[in-house]
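The values are calculated or read from the model by the stated rules, or taken from the named source; none is laboratory data. Just so it is clear, the model here is predicted, and its values are computed rather than measured. As a convention, Cβ positions derive from the backbone with ideal geometry for all residues, glycine included, and neighbour counts pool all protein chains shown. The protein model used for the area step is the full one, side chains on, heavy atoms only, and it has no ligands, DNA or RNA in it. Shrake-Rupley method; radii C 1.70, N 1.55, O 1.52, S 1.80 Å.
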Amino acid sequence: MQSNFFDLDNRYAQLIKDPLVSINQVIDFSMFEPLLLQIDNKARKSNAGRPVTNRILMFNMFILQKLYNLSDEQTEFQSKDRLSFMRFLNLSLSGTVPDANTLRMFREELILAQLIEPLFDLFNVAITCMGARLTSGQMVDATFVHAPKQRNSRDENKIIKEGRIPEDWSNNKAVQKDIDASWTKKNNKTYYGYKNHVNVDVKTKIITTYAVSTASVHDSMMLKELVEEASSENEGFYADSAYASAETAALLHDNVLLNHTNERAYRNKPLTLMQEVMNRIRSTTRARVEHVFGFMVNSMGGKFIRTIGIKRAKAAIGLTNLAYNIKRTEFLVRSKQFDFSRINASDVWEMA
C-alpha cells in the first residue's frame with residue numbers, strides 16, 4: 001500500500017516522548033540566522049558552484065551532533081534515517097540532507113568568521129531577554145576534553161614543544177598532527193587534549209561564560225576570562241581550592257563578588273577544623289558545577305573531540321557548551337523554573 005503524508009503524521013504522533021519536540025517548542029532557532037548569514041555576506045565572484053545550503057538546517061545538525069555525540073558522517077546518516085531527527089530539522093522524507101563534507105565546510109566557515117562564541121553569547125542574551133535571571137552566583141571549574149592521541153617520537157615532541165614543526169614532515173602529515181594539544185597528569189592519571197573552563201550560574205546551572213585551553217594549563221590561569229562582574233547584591237563566587245590565591249581574592253574584590261572559594265592546605269600548615277567545615281559547606285553549592293560536566297559526559301559524550309588544533313577544539317567545545325545550554329533551557333522551561341514558554345526570535349532581536 002502506498003504511503004502518504006497522513007501516514008508520516010501518524011508516525012510522528014506516536015513519538016510523543018521525543019525530547020527534540022520539546023526543544024523545538026521552546027526555542028525559535030531562527031534567532032541565530034542573522035549571525036549565521038554573516039558568513040555569506042562576502043561577495044561571490046559568480047553564481048557558479050553549489051547553492052548556499054540552509055544555514056539554520058546545518059546549525060541544527062550541529063546541535064544534534066553534540067546532543068548525541070555523532071561524527072559528521074553519522075550526523076548525515078542519522079538525519080536521513082531517524083524520523084525524530086527529520087522532524088527536528090523540519091525535513092520531509094524527500095528533503096535534501098547536507099552531506100558530511102558540507103557540514104565540515106560550514107564548520108570551517110564558522111571558525112574562520114569567529115562566530116562560535118557570538119552564537120553562544122546570543123543564546124544567553126535571549127534567555128535573559130525573556131526574563132531569566134542568571135545572577136544567583138558563579139561557579140567555576142574545568143574538565144579535560146580528550147583529543148586523538150599523537151604517535152610522535154621524543155625528538156618530534158621536543159621540536160613541537162619549541163613551537164616548531166619537524167622538518168621531515170610532509171604537508172599532508174603536518175595537517176593531520178595536533179601540535180596544540182598537550183599532556184598533563186592529575187591524581188596519577190594522564191590526560192591528553194584540552195580543557196573546557198566554565199562559569200556556571202548556581203541556581204539554573206546555565207553556562208554563562210567559557211574558555212578553552214590546552215590540558216596542561218592550570219585551571220586558575222583562565223579565571224580572569226571567566227569571572228563576570230556581580231550584577232546583583234551579595235552574588236557569590238564558588239570554586240575548589242585549586243583557585244585559592246591572593247590573585248583570585250583580588251579579582252573577586254574588583255568584580256564585587258563574595259569569595260566562597262575553598263581554602264587549601266599547605267605544607268606544614270594543614271587546614272583547621274573550622275576551615276574543613278567551611279569547605280564542606282561551600283562544596284554543597286560548588287559541587288553543582290560537576291552536574292554540568294556529568295551531563296555532558298554521560299548524556300552528550302562530551303569527554304572527547306574529533307578535531308585537530310586548538311581553533312577547531314575551541315569550536316567543538318563551544319558548540320558542546322551551547323548545545324548543553326539549549327537542552328538545559330528546555331528542561332528549565334518544561335519544569336516551570338523559567339517563567340517563559342518559548343524564546344521567539346522576533347522578541348529577542350527587538351529586546352537585545
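Per 0.36 nm of contour for each residue apart, how much would the distance between Ser241 and Lys224 grow if the chain were fully extended, relative to their Cα-Cα spacing?
On the way: separation 17, 0.36 × 17 = 6.12 nm, distance 1.63 nm.
Working it through step by step, the gained length comes to 4.5 nm.
Which value, in Å², gives the accessible area per residue of the chain when a 1.4 Å probe is used on the protein heavy atoms?
On the way: 19740 Å² over 352 residues.
Computed with neighbouring chains in place, this is 56 Å² per residue.
At what distance in nm do the modelled label points of Phe77 and His291 sit from each other, each positioned 7 Å from its Cα along Cα→Cβ?
It works out to 3.6 nm between the two label points.
Restricting attention to the alpha-carbon atoms of the stretch 182-243, what are Rg (one decimal) and Dmax (integer), both in Å?
Gyration radius and largest Cα-Cα distance of the stretch 182-243: 13.5, 41 Å.
What is the Cα convex hull volume of the stretch 28-176 when expressed per residue in Å³?
Values: hull volume 30.0 nm³, N = 149.
Residue-normalised Cα hull volume stands at 202 Å³.
List the longest stretch of the chain that has no exposed loop site; here a site is one of the GluC sites (Glu not before Pro) assigned by DSSP to anything other than H, G, I, E or B, with at most 11 other Cβ within 10 Å. Could the numbers behind the result be given before it?
Working: sites that count: Glu162, Glu167, Glu229, Glu233.
Looking at the chain, 1-161 is the longest stretch - no exposed GluC sites (Glu not before Pro) with at most 11 other Cβ atoms within 10 Å.
In whole Å, largest first, what are the principal axis extents of the Cα atoms in the stretch 293-342?
Projected onto its principal axes, the Cα set of the stretch 293-342 covers 41, 20, 11 Å.
In whole Hz and in residue order, list the ³J(HN,Hα) couplings for the stretch 22-27 that follow from phi through the Karplus curve 6.51 cos²θ - 1.76 cosθ + 1.60, θ = phi - 60°; x for Gly and Pro.
For the stretch 22-27, the Karplus-derived couplings read 5, 4, 5, 6, 8, 10 Hz, x marking Gly and Pro.
Determine the alpha carbon to alpha carbon distance for each of Lys17/Lys336; Lys186/Lys224; Lys17/Lys203 and list only those over 20 Å. Could the numbers behind the result be given before it?
Numbers: Lys17/Lys336 18 Å; Lys186/Lys224 22 Å; Lys17/Lys203 27 Å.
Beyond 20 Å: Lys186/Lys224; Lys17/Lys203.
So what is the orientation-averaged projected area of the stretch 64-117, using the convex hull of its C-alpha atoms, in nm²?
On the way: hull surface 16.0 nm².
For the stretch 64-117, the mean projected area of the Cα convex hull comes to 4.0 nm².
Nearest 10 degrees, 0 to 90: what angle lies between the long axis of helix 116-129 and the longest principal axis of the chain (Cα atoms)?
The angle comes out at about 90 degrees.
Could you give the alpha-carbon Rg of the stretch 204-352 over 2.2 N^0.38 Å, rounded to two decimals?
Numbers: Rg = 18.0 Å, N = 149, 2.2 N^0.38 = 14.7 Å.
Dividing the Cα radius of gyration by 2.2 N^0.38 Å gives 1.22.
Can you list the equivalent-ellipsoid semi-axes of the chain, largest first and in whole Å, using the square root of 5 times each Cα gyration tensor eigenvalue?
On the way: eigenvalues 271, 168, 70 Å².
So the three semi-axes of the chain are 37, 29, 19 Å.
Rounded to the nearest 20 Debye, what is the dipole magnitude of the stretch 93-192 about its Cα centre when Lys and Arg each give +1 and Asp and Glu each give -1 at the C-beta? Don't skip to the end; give the middle numbers.
Numbers: 14 positive and 13 negative charges, 113 e Å.
For the stretch 93-192, the charge dipole is close to 540 debye.
Over all alpha-carbon pairs in the stretch 146-276, figure out the percentage whose distance exceeds 23 Å. Can you show the working numbers first?
Numbers: 4318 of 8515 pairs.
Across the stretch 146-276, Cα pairs with separations above 23 Å total 51 percent.
Where does the chain land at 222 nm, in deg cm²/dmol rounded to the nearest 500, when only DSSP H runs of n ≥ 4 count, each adding -39500 (n - 2.57), divided by all residues? Working shown, then result.
Details: 16 runs with 163 residues, N = 352.
Theoretical 222 nm ellipticity from helices: -13500 deg cm²/dmol.
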